[in-house]
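Okay, structure first, notes after.
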Amino acid sequence: MSSSLIFTFIFTLCLLSSCFSSSASLHNATDENVTLRPQHEIQKLKLIREHLQKINKPAVKTIQSPDGDIIDCVPSHHQPAFDHPMLQGQRPMDPPEMPKGYSQENESHEDFQLWSLTDESCPEGTIPIRRTTEQDMLRASSVRRFGRKIRRVRRDSSSNGHEVSPELYGDTNPRFFTYWTSDAYQATGCYNLLCSGFIQTNNRIAIGAAISPVSSYKGGQFDISLLIWKDPKHGHWWLQFGSGTLVGYWPVSLFTHLMEHGNMVQFGGEIVNTKPGGSHTSTQMGSGHFAGEGFGKASYFRNLELVDWDNTLIPTANLRVLADHPNCYDIRGGVNRVWGNYFYYGGPGKNSKCP
């Protein structure tokens, strides 16, 4: 999967979800708008700086990433999550009981991000947070919508995986991300740690930071292994990467319908088209090649499993593969002894069969 592609690779735990394309509108500026614009821009900049003071917490150490990101090492009890009214005064929980049947064999190493490849890490008792800049927020449609998705679901949802989002991050690097919402993306939730909610416990993984290395067409293929499950003792939804590396958790108090369990799990990719024109976006998904090209050429998910009601990992059953626009992006599933349940997916977007 090339780092120059614009796509999203997601693992989503939710009740119901759907992807959609939306169109931006262009408006002709009136004389009145032109006159008011300077004052409007001043007010917007003021709001941006106030918001940055809330989400950029004081750091005990700062790390400069090769890609230009600034990583702040923030005391774990000062992270944005604990600004939430229901989480104030709390501290991160101890690690939960792992699902039965989980094995650490053949798992990937946790140093998979660009900022930490030089053996940089945050001190114990702190977490790494990608610093948000004025430029990041100026790319958003509004201060209120910064760090939020523009799609709709009906109820609770938590997601993680990797994505490319020039609007959010200012480049086309694939980045590790999380997301949550409890009201169909209306007023709650956000990406990464851009609002209070997700509680991070790991001092070596920066959510929102660039992934490295990345797969290439007909070249090296690199996996990231992800697990989300519900702690049977406290009910929180935990996120793990690789060989037993706990990233953190979504407190159960954030949700309504996910307080007990989820009734749908989705794996796959999505493209969001925010530009007008009437034709399909030329944005690629995955490697930009269709699923039929197979290993080394198309993107894939493999070893798909679920955590059952008794905290046991089981193979996925009744897996349904679906492509909303198969002439633009498609999907092919299968099962074998090495990969278990798997599927290839992706495509070029706009082409002769996808006008």
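Looking only at residues of segment 184-233 that are in contact with a helix residue (DSSP H, G or I) (Cβ under 9 Å, 6 or more places away or on another chain), under 14 Å from Thr245 (Cβ atoms) and hydrophobic (A, V, I, L, M, F, W, C), we find that the one that is surrounded by the most Cβ atoms within 10 Å (Cβ to Cβ) is Ala206. The single condition among (1) open to solvent by 40 Å² or more (accessible area, probe 1.4 Å); (2) modelled with pLDDT of 80 or more; (3) out of contact with any strand residue (DSSP E or B) (no Cβ under 7 Å at 6 or more places or on another chain) that Ala59 does not meet is (3).
Okay, residues lined up against (1) at pLDDT 90 or above; (2) in a loop (DSSP other than H, G, I, E, B); (3) open to solvent by less than 20 Å² (accessible area, probe 1.4 Å):
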{"position": "Ile10", "(1), (2), (3)": "no, no, yes"}
{"position": "Ser23", "(1), (2), (3)": "no, yes, no"}
{"position": "Leu36", "(1), (2), (3)": "no, no, no"}
{"position": "Ile42", "(1), (2), (3)": "no, no, no"}
{"position": "Leu52", "(1), (2), (3)": "yes, no, no"}
{"position": "Pro92", "(1), (2), (3)": "yes, yes, no"}
{"position": "Pro95", "(1), (2), (3)": "yes, yes, no"}
{"position": "Ser108", "(1), (2), (3)": "no, yes, no"}
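The set of residues in segment 327-355 being free of Cβ contacts under 8 Å to residues at least 24 places away in the same chain, in a strand (DSSP E or B), farther than 27 Å from His280 by Cβ and not aliphatic (A, V, I, L, M) consists of Gly334, Asn336. Within segment 115-133, the only residue that satisfies the criterion of being part of a helix (DSSP H, G or I) and within 24 Å of Phe146 (Cα to Cα) is Trp115.
Only residues that are at pLDDT below 90 and farther than 23 Å from Ala81 by Cα were counted in segment 128-150, giving 1. Identify all residues within segment 296-310 that are on the phi < 0 side of the Ramachandran plot and either over 23 Å from the mean Cα position of the chain (by Cα) or among the charged types (D, E, K, R) (or both); write none if there are none. Those that are on the phi < 0 side of the Ramachandran plot and either over 23 Å from the mean Cα position of the chain (by Cα) or among the charged types (D, E, K, R) (or both): Lys297, Arg302, Glu305, Asp308, Trp309, Asp310.
Of the residues making up segment 292-302, one or more are modelled with pLDDT of 95 or more, under 27 Å from Trp238 (Cα atoms), open to solvent by 40 Å² or more (accessible area, probe 1.4 Å) and not assigned by the TED database to the domain that holds Asp223. Here Asp310 clears all of (1) over 24 Å from Thr181 (Cβ atoms); (2) in contact with a helix residue (DSSP H, G or I) (Cβ under 7 Å, 6 or more places away or on another chain) except the condition numbered (2).
The values are calculated or read from the model by the stated rules, or taken from the named source; none is laboratory data. Everything numeric here is computed off the predicted structure, so don't read it as measured data. As a convention, Cβ positions derive from the backbone with ideal geometry for all residues, glycine included, and neighbour counts pool all protein chains shown. Side chains are part of the model used for accessible areas, which takes the heavy atoms of the whole protein and leaves out ligands, DNA and RNA. Shrake-Rupley method; radii C 1.70, N 1.55, O 1.52, S 1.80 Å.
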